[in-house]
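The values are calculated or read from the model by the stated rules, or taken from the named source; none is laboratory data. Just so we're clear, the structure is a prediction, and the values are computed from it rather than from any experiment. Virtual Cβ from ideal backbone geometry, glycine too; neighbours counted across all protein chains shown. SASA here: full protein model, heavy atoms, side chains in, ligands and nucleic acids out. Shrake-Rupley method; radii C 1.70, N 1.55, O 1.52, S 1.80 Å.
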Amino acid sequence: MSAYLMDLTNLLLRWLHVIAAIAWVGESIYFVMLDNSLKKPQAEADRSKGVAGEMWAVHGGGFYHNQKYQTSPEKLPDDLHWSFWKSYTTWLSGFALFCAMYLSNPAMNLVNPSAGWAWAAKMSSGEAVFMALLFLFGGWLVYNRLCKLISPNMTRDGLLSVAVAVMMVAVSFLATHIFAGKAAFLIIGAVMATCMSANVFFWIIPGQRRMVAAMKAGEAPNPLDGKRGKQRSVHNTYFTLPVVFLMLSNHYAVTYGAEWSWLIAVLFIFAGAAIRQFFVVMHQGKKQYGYWAFGIVCLLLAALLAAPKKPAESPGATEGSPAVSIEQVLAISQQRCAVCHAAQPDRQFGFAAPPLGMKLETAEEIRMAADKFKQRVANHTMPIGNLTGMTEEERALIARWQP
Ligand code: HEC
């Protein structure tokens, strides 16, 4: 029953999270597009009102006319539309999901028992949870400090972008060396996503509140508030594509399970940011395909790094070794895999149904899943958290097995 309730909670939270994220990211992409597409207003009356740019659009059977004011309109309407709940809902539901899936079971989902760094492989559950939270909140503190140190007046934003990129390379390297692959990729994405929401919460919205308060008091708003809001929302726009990739990556063990997973994460982050840049520039009326080219080169490199190794390179595969039989594989699977991958999984692991519907109890089931079976054993992403204690000898045997 509790496994069932966990599954249900997970599903409902995920549904909410994805919908909130679609709404937030959609709105954010829309406003960046709007801002970059503004043209000088045609009517003199608009220009003298202080309108600096406008965009006409047709959508859903109606015509829309957006106008952006240089500083502020003469009178602010009372029903000003604010955007923040989509962002907060995305972060809160994402964090709840992270707690329900990862933090609630660190031994299974956070710790990588075959991590290269011995201390990481031996982390206790408490240490693993502490580390994960440190990444999320520490990531924001470092990023925020970088912004304040390097470009406090928004005059060195180029240099700041380089620093943020370097920070993300470091986060990727550390996370993939400390946590289990799947969790590592998720945490890298969550570091960026936390920065995005915190940008909205700590800077963009308070800055806008100060601006509105100043206008209502008949004073000129502090231009730094506007510029900082812009700086942080520009960062958010470059984070979006990488974050969405990292959130989806948990379905693809070829990425997070690869030997060079940290570099794969970095390449996807760079590709996502470059492709986003193409669209930002496109809305300003320029088409710079160089960004696409750079993005595609990054993706190709990532694909090369993720490609499975030839069987000859697998450990233990020597010329004269006898062929591995399906009975040997079945015996290993029954001991190491079928506790979870069964029609009725073993209670202790807390699954209500076989994970992803995959059963590995009979020779036939194993044969049908042979490719994935070999892949996940070879890249150490299964048994998850190596909770069933699969040995290196068993992995070598599976690598030699030719279904
Ligand atoms: C403690 C429980 C557990 C054990 C033991 C376990 N798995 Fe899994 N397995 C999971 C979970 C949870 C998932 C889904 C999440 C994921 O893909 O990481 C999964 C997913 C998979 C998938 C991906 C299926 C797909 O459709 O993409 C394969 C393949 C797999 N396991 C193979 C194995 C093999 C082979 C073993 C034994 C060597 C094994 N598992 C042992 C829990 C387990």
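Can you classify the stretch 315-400 as rounded, prolate or oblate using the Cα gyration tensor, where a ≥ b ≥ c are the square roots of its eigenvalues, rounded means a/c under 1.5, and otherwise it's prolate if a/b beats b/c and oblate if not? The shape class here is prolate. Ranking R228, R210 by solvent-accessible area of protein heavy atoms (1.4 Å probe, all protein chains present), from largest to smallest, gives R210, R228. Here the label points at L133 and R367, each 7 Å from Cα along the C-beta direction, are separated by 5.1 nm in the simple model. For the stretch 212-351, dividing the convex hull volume of the Cα atoms by the residue count gives 218 Å³ per residue. Over 30 Å between Cα atoms, which of K39/K86; K182/K230; K86/K227; K287/K309 qualify? Where the Cα-Cα span goes over 30 Å, the pairs concerned are K182/K230; K287/K309. Of the Cα atoms belonging to the stretch 90-306, the radius of gyration and Dmax stand at 18.7, 63 Å. Taking R0 as 45 Å, what's the FRET efficiency between Q344 and D78 from their Cβ-Cβ distance, rounded to 0.05? E(calc), rounded to 0.05, equals 0.15. Computed about its Cα centre, the charge dipole of the stretch 315-400 is approximately 240 debye, with only Lys, Arg, Asp and Glu carrying charge at their Cβ. Measuring with a 1.4 angstrom probe and ignoring ligands and nucleic acids, H235 comes out at about 20 Å² accessible. Relative to the first principal axis of the alpha-carbon coordinates of the chain, what is the inclination of helix 125-150, with its axis defined by its Cα atoms, in degrees from 0 to 90 and to the nearest 10? In the chain, helix 125-150 runs at an angle near 30 degrees to the longest axis. What is the angle, in °, between the Cα long axis of helix 157-178 and the longest principal axis of the Cα atoms in the chain? Nearest 10 is fine, range 0 to 90. The angle comes out near 20 degrees. Once you divide the Cα radius of gyration of the stretch 232-275 by 2.2 N^0.38 Å, the number left is 1.19.
The figure for T362 is an accessible area of roughly 60 square angstrom, using a 1.4 Å probe on the protein chains alone. Nearest 10 degrees is fine. How inclined is helix 205-216 to the longest principal axis of the chain, computing both from alpha carbons? That works out to roughly 10 degrees.
Taking the centroid of alpha carbons for each part, the stretch 129-196 and the stretch 1-45 are 22 Å apart. For V18 and A220, the difference between the fully extended length at 0.36 nm per residue and the C-alpha to C-alpha distance is 68.8 nm. Within the same chain, aspartates and glutamates fewer than 8 places from K122 are excluded, and of the rest, those with a Cα less than 18 Å from its Cα are E392. Residues in the chain average 54 Å² of solvent-accessible surface per residue, probe 1.4 Å, ligands and nucleic acids excluded.
Of interest is the spacing of the C-alpha centroids, which for the stretch 208-234 and the stretch 242-257 amounts to 37 Å. On the stretch 90-306, 71 percent of the accessible area sits on carbon and sulfur atoms, based on a 1.4 Å probe.
If you wrap the Cα atoms of the chain in a convex hull and average its projected area over all directions, you get 24.3 nm².
Per residue of the chain, the DSSP helices (runs of n ≥ 4 H) give a summed -39500 (n - 2.57) that works out to -20000 deg cm²/dmol at 222 nm.
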